[in-house]
């Protein structure tokens with residue numbers, strides 16, 4: 001299957017999914033593909049066999065479960081209905097690196113803007129994102145492997161979990177798509193906004209040349225009417241025919257200076273306020289996306305402050321700073337035949 005870096009998983013939509021109707025009115029639809037489970041023994045001592053993995057995949061394709069932010073507690077199961085963040089629309093099982101792995105594809109609902117932003121930032125930062133299955137199952141203690149054998153699993157949801165808190169470690173596979181005809185995450189407007197001047201000149205040198213010509217013509221017209229600009233031309237020591245090239249170079253240099261100053265300010269501001277290096281990297285990605293091509297330092301400072309103060313920014317900083325405590329459950333007097341029917345699995 002290849003390494004984790006070049007791994008590409010195609011998860012088809014389940015029967016009955018109409019992507020066009022599903023995304024109607026959503027200008028920037030976001031679909032996520034992630035590994036949800038694999039054949040292993042979880043941190044809660046539950047063993048997931050290939051049969052259980054395939055059984056859960058079939059249920060996903062049948063019921064198309066929701067995803068919430070974290071699991072419901074036992075007391076909340078009967079009455080509480082939190083707002084779903086994602087609908088899982090397909091599942092496939094593939095063997096990767098010696099394990100049978102369950103990959104799921106979901107549609108991140110349009111109102112879940114914080115989740116959409118976080119997933120994009122996590123993808124850009126190369127950060128692992130986790131989900132955790134939730135449902136009921138039979139479990140039988142197997143003393144040979146010191147774990148519960150899981151069977152007859154009844155899936156209820158596949159919820160978003162804190163990174164590192166998931167019960168089953170995964171490869172960290174995460175793919176974001178728009179599922180449009182060209183299957184690109186960004187639309188045309190987003191792509192143009194993220195292009196640098198050098199990239200535009202490489203892809204379309206004609207349009208850059210036309211822009212410089214237009215700017216130079218406007219400046220030349222102003223030179224003919226403004227003595228101060230004429231004096232500037234004399235100070236630069238250029239002739240009428242050379243002013244276009246010189247001004248174009250100055251504009252390019254000024255653009256790069258403002259851009260470099262803005263990026264330097266972002267690095268300095270984040271380093272002063274955020275200690276965690278990975279958190280700074282994620283936050284910087286968010287700031288740059290929000291900033292676009294606007295390199296005014298006052299505006300950049302506002303964006304940095306807004307990102308740090310946002311709920312998503314606070315969550316990222318908190319998550320990076322959190323110290324995980326591993327708790328090992330104590331197992332006493334367990335019998336080989338001990339069976340618990342329909343135990344809640346988180």
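Yes/no per residue for (1) modelled with pLDDT of 95 or more; (2) over 30 Å from residue 25 (Cα atoms):
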site	(1), (2)
47	no, yes
59	yes, no
70	no, no
96	no, yes
108	yes, no
114	no, no
118	no, no
124	no, no
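Every residue, every condition in (1) farther than 24 Å from residue 163 by Cα; (2) surrounded by 13 or more Cβ atoms within 10 Å (Cβ to Cβ); (3) at pLDDT below 85; (4) touching a strand residue (DSSP E or B) at 6+ places or on another chain (Cβ under 7 Å), yes or no:
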{"site": "265", "(1), (2), (3), (4)": "yes, yes, no, no"}
{"site": "289", "(1), (2), (3), (4)": "no, yes, no, no"}
{"site": "300", "(1), (2), (3), (4)": "yes, yes, yes, no"}
{"site": "313", "(1), (2), (3), (4)": "no, yes, yes, no"}
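The requirement of being in contact with a strand residue (DSSP E or B) (Cβ under 8 Å, 6 or more places away or on another chain), in a strand (DSSP E or B) and surrounded by fewer than 21 Cβ atoms within 10 Å (Cβ to Cβ) is not satisfied by residue 163. In the set (1) in a loop (DSSP other than H, G, I, E, B); (2) farther than 30 Å from residue 207 by Cα, residue 315 fails one condition alone, (1). Listed conditions (1) more than 16 Å from the chain's Cα centre (by Cα); (2) crowded, with 19+ Cβ neighbours inside 10 Å are all met by residue 118, apart from (1).
Residue by residue through the range 124-140, note down the ones that are over 20 Å from residue 105 (Cβ atoms) and in contact with a strand residue (DSSP E or B) (Cβ under 7 Å, 6 or more places away or on another chain). Result: 136, 137, 138, 139, 140.
On the stretch given as the range 281-304, residues that are free of Cβ contacts under 8 Å to residues at least 12 places away in the same chain and assigned to a helix (DSSP H, G or I) total 3.
Taking the conditions (1) touching a strand residue (DSSP E or B) at 6+ places or on another chain (Cβ under 6 Å); (2) at pLDDT below 70; (3) not in a loop (DSSP other than H, G, I, E, B) in turn, residue 183 satisfies each one other than (3).
The values are calculated or read from the model by the stated rules, or taken from the named source; none is laboratory data. This one's a predicted model, so the numbers in the text were calculated from it and none came from an experiment. Backbone-built Cβ (ideal geometry, glycine too); neighbour counts: all protein chains shown.
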